[in-house]
Amino acid sequence: MQLSRKDFPDDFIFGTATSSYQIEGHGFGGAGRTHWDDFADTPGNVVRAENGATACDHYHRYEEDLDLVKAAGFDAYRFSISWARVLPEGRGTVNAEGLDFYDRLTDAMLERGLKPFATLYHWELPSALADMGGWRNRDIAAWFGDYTETVMRRLGDRMETVAPINEPWCVAWLSHFLGGQAPGLRDIRAASRAMHHVLLAHGRATEVMRGLGMSGLGCVFNLEWAEPAEDTPEAQLAAARYDGLYNRWFMGGAFKGEYPDIVLEGLEPHLPKGWQDDMGLISQPLDWCGINYYTRSNMAPADTPWPAHKPVPGILPKTFMDWEIYPEGLYRFLTRTAEEYTGDLPIYVTENGMAALDEPGPDGAIEDDHRIAYFDAHLAQVNRAIAGGVPVKGYFAWSLLDNYEWSFGYDKRFGLVHVDLETLARTPKASYHAMTRALTKHAEV
Ligand code: PNW
């Protein structure tokens with residue numbers, strides 16, 4: 001890599017990120033069923049109907065995995081806690097074995113000097129709650145608050161930071177309007193409710209953790225740069241609607257207690273009555289803001305009902321997800337977030353990375369130079385933002401391991417470390433070695 005630790009402020013945190021359903025393996029150890037198991041079992045939703053039953057078997061190999069995090073020279077590890085592993089039915093009886101696992105995982109991070117960055121919800125809703133309407137049901141804020149309390153009474157004293165929700169746009173819009181993730185709905189009313197309830201749950205969990213005396217509380221947003229596909233007022237409006245739905249709805253809600261008019265135009269008729277009264281709970285003060293950044297979308301107007309926009313292919317080089325590589329978007333978002341939403345609040349890039357095929361060569365080595373270039377290009381934009389005065393305090397590479405990429409199954413490899421799906425053997429890729437040199441040798445490599 002061109003850049004290394006010496007190019008960043010002394011207290012800048014380098015980390016790597018994963019999520020529970022994508023790596024742990026599920027359906028054992030007393031864990032309850034989740035709506036991702038249900039979604040994956042329904043033909044047509046996931047490539048080859050693959051699910052997270054085994055994933056990377058991290059549940060049994062977490063010590064080896066944390067050794068890899070440590071050996072690379074990372075300062076922090078971002079992980080998530082599975083609701084159904086802690087509360088198999090989503091509420092009520094606690095699965096002691098599940099909570100014990102996260103207790104051991106936390107201690108294993110601390111023993112290695114890694115700062116724990118926890119997320120409470122990275123998408124696997126207990127099926128018992130999904131059956132009661134899941135994110136469409138307002139009660140989810142109370143269920144989520146109770147789950148948060150159960151977990152944080154045990155772990156809260158050892159967390160560096162906590163984000164209640166990973167990527168509210170994916171939880172709400174992608175899952176209830178675009179049908180791309182569990183529960184796979186395509187329904188504007190369900191989606192509108194989820195758009196509000198996901199932030200309500202974030203607010204309730206924040207309130208619960210403040211009540212326990214915790215600090216280090218934030219939220220993790222996925223941001224995607226919205227580019228008008230052509231230079232016309234119609235395309236600009238389509239892009240502005242996309243920006244509103246994807247980015248500004250959640251940041252506006254969480255940091256300003258208001259939703260953008262350009263989105264209310266379409267969603268207001270479907271929101272629960274009295275939603276305005278929730279905005280105080282939704283916008284409690286936070287301690288930091290997390291940004292997951294991967295790509296941009298090029299938006300054209302569409303002859304469809306609101307929001308009447310459609311993505312069209314862009315001209316930039318793409319990753320194996322077919323996502324355009326647009327590093328400057330990260331700079332633009334970091335700057336815009338501080339200017340318009342978060343001011344002096346610390347910002348962390350909580351995810352950034354790329355998928356590739358990443359087959360081992362004849363000698364077993366995995367030469368993922370494309371990933372090294374991707375990290376370098378995005379870290380350069382983080383640097384540029386810091387130089388411009390934006391308080392970016394850390395960067396997390398997605399992901400430590402090749403893992404379960406949701407509806408794409410196991411084909412899309414995002415890891416610094418290759419995982420053989422048969423043997424589950426871990427093999428560090430060239431990007432892992434480059435990252436290690438950049439973080440531990442402090443030199444250009
Ligand atoms: C994020 N989109 O997901 C998630 O936090 C990870 O679990 C995931 O593995 C990673 O990015 C790579 O995909 C996203 O459709 C999934 O815009 C889909 C979208 C954005 C983020």
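The values are calculated or read from the model by the stated rules, or taken from the named source; none is laboratory data. This one's a predicted model, so the numbers in the text were calculated from it and none came from an experiment. So basically every Cβ, Gly included, is an ideal-geometry build from the backbone, and we count neighbours across all protein chains shown.
Spot the failing condition for L330; the list is (1) closer than 18 Å to G353 by Cβ; (2) surrounded by fewer than 21 Cβ atoms within 10 Å (Cβ to Cβ); (3) of a type in the set (A, V, I, L, M, F, W, C), and only one is missed.
Failed condition: (2).
Give the stretch 313-368 a look and list any residue that's more than 22 Å from M1 (Cα to Cα) and β-branched (V, I, T), or say none.
If the condition is that a residue be more than 22 Å from M1 (Cα to Cα) and β-branched (V, I, T), then I315, T335, T337, T342, I347 are the ones that fit.
Out of the stretch 215-267, which residues are among the charged types (D, E, K, R) and within 16 Å of the ligand (Cβ to nearest atom)?
E224, E227, R241, D243, R248
Being away from the ligand (no atom under 16 Å from the Cβ) and either crowded, with 21+ Cβ neighbours inside 10 Å or of a type in the set (D, E) (or both) is the filter here, so list the residues in the stretch 343-369 that pass it.
Matches in the stretch 343-369: D344, I347, E359, D363, I366, E367, D369.
I'd like to verify a number: residues in the stretch 85-94 that are of a type outside the set (D, E, K, R) and farther than 14 Å from E124 by Cβ, how many?
Total satisfying the criteria: 3.
Could you grab me the full set of residues in the stretch 142-181 that are among the acidic types (D, E) and more than 16 Å from the ligand (Cβ to nearest atom)?
D146, E149, D157, E160
When both residues are 6+ apart or on different chains and their Cβ atoms are under 8 Å apart, which pairs have a first residue that lies in the stretch 397-426 and is touching a residue at least 12 places away in the same chain (Cβ under 8 Å) and part of a loop (DSSP other than H, G, I, E, B), and a second that is more than 9 Å from the ligand (Cβ to nearest atom) and of a type in the set (S, T, N, Q)?
Final answer for the pair search is S399/T16; L400/T16; Y404/N51; L416/T16; L416/S431; L424/T54.
Among the candidates G73, G44, G52, single out the residue that is small (G, A, S), modelled with pLDDT of 95 or more and closer than 15 Å to E405 by Cβ.
Of G73, G44, G52, the one residue that is small (G, A, S), modelled with pLDDT of 95 or more and closer than 15 Å to E405 by Cβ is G52.
Examine the stretch 400-421 for a residue that is crowded, with 21+ Cβ neighbours inside 10 Å, polar (S, T, N, Q) and touching a Cys at 6+ places or on another chain (Cβ under 7 Å), and state whether such a residue exists.
Yes; the residues of the stretch 400-421 include at least one that is crowded, with 21+ Cβ neighbours inside 10 Å, polar (S, T, N, Q) and touching a Cys at 6+ places or on another chain (Cβ under 7 Å).
So in the stretch 272-306, with the set limited to residues that are in a helix (DSSP H, G or I) and within 14 Å of A141 (Cβ to Cβ), which one is nearest to the ligand (Cβ to nearest atom)?
I282
Report, ordered by the first and then the second residue, all pairs with beta carbons closer than 7 Å, sequence separation of six or more or different chains, a first member in the stretch 353-374 that is at pLDDT 95 or above, and a second member that is of a type in the set (V, I, T) and within 16 Å of the ligand (Cβ to nearest atom).
From residues that are at pLDDT 95 or above, the pairs are M354/T319; A355/T319; A356/T319; Y374/I325.
Any residue at all in the stretch 55-77 that's buried (at least 17 other Cβ atoms within 10 Å of the Cβ), within 18 Å of the chain's Cα centre (by Cα) and under 27 Å from G216 (Cα atoms)?
Yes: one or more hits.
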